[in-house]
Amino acid sequence: MFSLFILFLVVVDGEKISNREYLAMKRQLRILNKPGIKVIKTKYGDIYDCVDIHRQPALDHPLLKNHTVQMAPTYLPETPKRNVSRSDTVSIDISLPDGGCPEGSVPLLRMTVEDLIRAKSMKRIRRKQYQQNSGNFSVKVDGYTHHYAIVKAEGSRYYGLTASMNVWSPNVMYYIHSSIAQMWFYGGPLEHLNLAEAGWMSNPPKYLDARTRLFVFWTSESYRNGCYDRECPGFVHRSATISIPSFIEPLSTYNGEQYDITLQIYRDRNTGHWWLTYGENQEQVGYWPSNLLPHMRDYATAIHWGGEVAGMFASFPPMGSGHFAQEGYKKSCFMRNLKMVDEAGHLIDVPPNTQAVSTDITCYNIIDYLSSGDQMGRHIYFGGPGGRCRA
């Protein structure tokens, strides 16, 4: 007997995929888009489903099969101080309209086939790899090179970190570029690196709209196999008013108004989960469960703050505001009030023996202001225009 297989091509948002891929994505959407008890629609047309917190997709991870959602951390570190040297830096409220979701549910951005196709395309750009010999994250992966301008603390035990960062919208190109500002921590051997990060990302046009958004990333296998937001289950959502991803507005303008977000990540010393909070009121967004990050069950071995970009063909996007660090306030991207969390849950100063690294100073740079006497506290300026950087 002969069987005949006919391959149909489906065109979605200008991209061609096979009918088999299309049907697989439709099945994936049934898993990702859980039925909600309330629907929230924003002025941009984004649709969020309020899903029972105990039925969220994060719990589909095999290691979380019997996981009990921690409804609140067992303690909160000190509140980060909002000291700034200029009175016109405004904190951004990214809460969903209509009071968000009912208590006991979490908002999940409703995904479409178009979103899955774009995420699949972008995943190749964002794949990264740790270089043990250089102690840096600058390496070519799948044709894309990543560049960094960061300050890092290593060689001790770290239980959390915090910073406030102004938010921009650097110009990036679809399928070619990625540009983010973030803080992150990691631990464990290279082949099973445990790492988590959070910050803002400038989205290329056509990928979940051309807007800057709050993101999370994590991995427990290797750096290049990590996941952003809901690409795979794992990050347990808790907030009823803030979603992952969340679109951020308004944004800073060059020599104009400055808007920032405050993020804090810390380890719950009783459960070992790593919690992410947002804003000065420390809204509990969610957490990375300890059993997904076994090499950081007790502490991390390094923490970083700064910017990252990815590009190819020696073409790289702007980082931060697109301007170099020396241009300073209102013109360059900053992170202020850098602090660490100690084992007792107290915010402490970042030690002066940190290392500031820029992987290509012709395209990006960073200035680390070690003194905490300034109203900005311990702070960094970083960024640059990109262009034809070293690849």
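Things to note:
- Hey, K26 within 21 Å of G99 (Cβ to Cβ) and modelled with pLDDT under 90 or not: no
- Which numbered condition A310 misses (of (1) open to solvent by less than 10 Å² (accessible area, probe 1.4 Å); (2) modelled with pLDDT of 90 or more; (3) not acidic (D, E)): (2)
- Residue check for L32: open to solvent by less than 30 Å² (accessible area, probe 1.4 Å) and at pLDDT 85 or above: no
- Residue count for the range 257-307, restricted to those that are under 15 Å from S239 (Cα atoms), modelled with pLDDT of 95 or more and small (G, A, S): 1.
- Applying a threshold of 7 Å to beta carbon distances and a minimum spacing of six or more residues, or different chains, the list of pairs starting in the range 173-192 at a residue that is in contact (Cβ under 8 Å) with a residue 24 or more places away in the chain and ending at one that is of a type in the set (D, E) reads I180/E308; Q182/E197; Q182/E308; M183/E197; W184/E197; H192/E221.
- One residue from K339, K330 being open to solvent by 30 Å² or more (accessible area, probe 1.4 Å) and within 21 Å of E78 (Cβ to Cβ): K339
- Considering the range 40-65, the residues that are in a strand (DSSP E or B) and touching a Leu at 6+ places or on another chain (Cβ under 9 Å) include one that is modelled with the lowest pLDDT, namely I47.
- Some residue of the range 4-15 being part of a strand (DSSP E or B), under 30 Å from I248 (Cβ atoms), at pLDDT below 80 and not small (G, A, S): yes
Residues are listed down the side, and each one gets a yes or a no for (1) among the β-branched types (V, I, T); (2) within 18 Å of Y259 (Cβ to Cβ); (3) open to solvent by 10 Å² or more (accessible area, probe 1.4 Å):
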{"site": "I150", "(1), (2), (3)": "yes, no, no"}
{"site": "E154", "(1), (2), (3)": "no, no, yes"}
{"site": "V167", "(1), (2), (3)": "yes, yes, no"}
{"site": "M173", "(1), (2), (3)": "no, no, yes"}
{"site": "G199", "(1), (2), (3)": "no, yes, no"}
{"site": "S202", "(1), (2), (3)": "no, yes, no"}
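- Each residue in the range 350-372 was checked for being open to solvent by 70 Å² or more (accessible area, probe 1.4 Å) and more than 22 Å from S202 (Cβ to Cβ), and 6 of them qualify.
- The range 78-130, subset part of a helix (DSSP H, G or I) and open to solvent by 60 Å² or more (accessible area, probe 1.4 Å), residue modelled with the highest pLDDT: E114
- When the criteria are applied in full, Q375 fails the requirement of being more than 22 Å from the chain's Cα centre (by Cα) and either under 17 Å from S169 (Cα atoms) or not in a loop (DSSP other than H, G, I, E, B) (or both).
- The range 216-246: number of residues that are more than 21 Å from V69 (Cα to Cα) and either modelled with pLDDT of 90 or more or among the polar types (S, T, N, Q) (or both): 3
- Verdict on Y299 being of a type in the set (F, W, Y) and either closer than 30 Å to E103 by Cα or open to solvent by 10 Å² or more (accessible area, probe 1.4 Å) (or both): yes
The values are calculated or read from the model by the stated rules, or taken from the named source; none is laboratory data. Keep in mind the model is a prediction, meaning the values are calculated, not measured. Cβ coordinates were reconstructed from backbone atoms using ideal geometry, including for glycine residues, and neighbour counts include every protein chain displayed. Accessible surface is based on the protein model in full, side chains and every heavy atom, while ligands, DNA and RNA are left aside. Shrake-Rupley method; radii C 1.70, N 1.55, O 1.52, S 1.80 Å.
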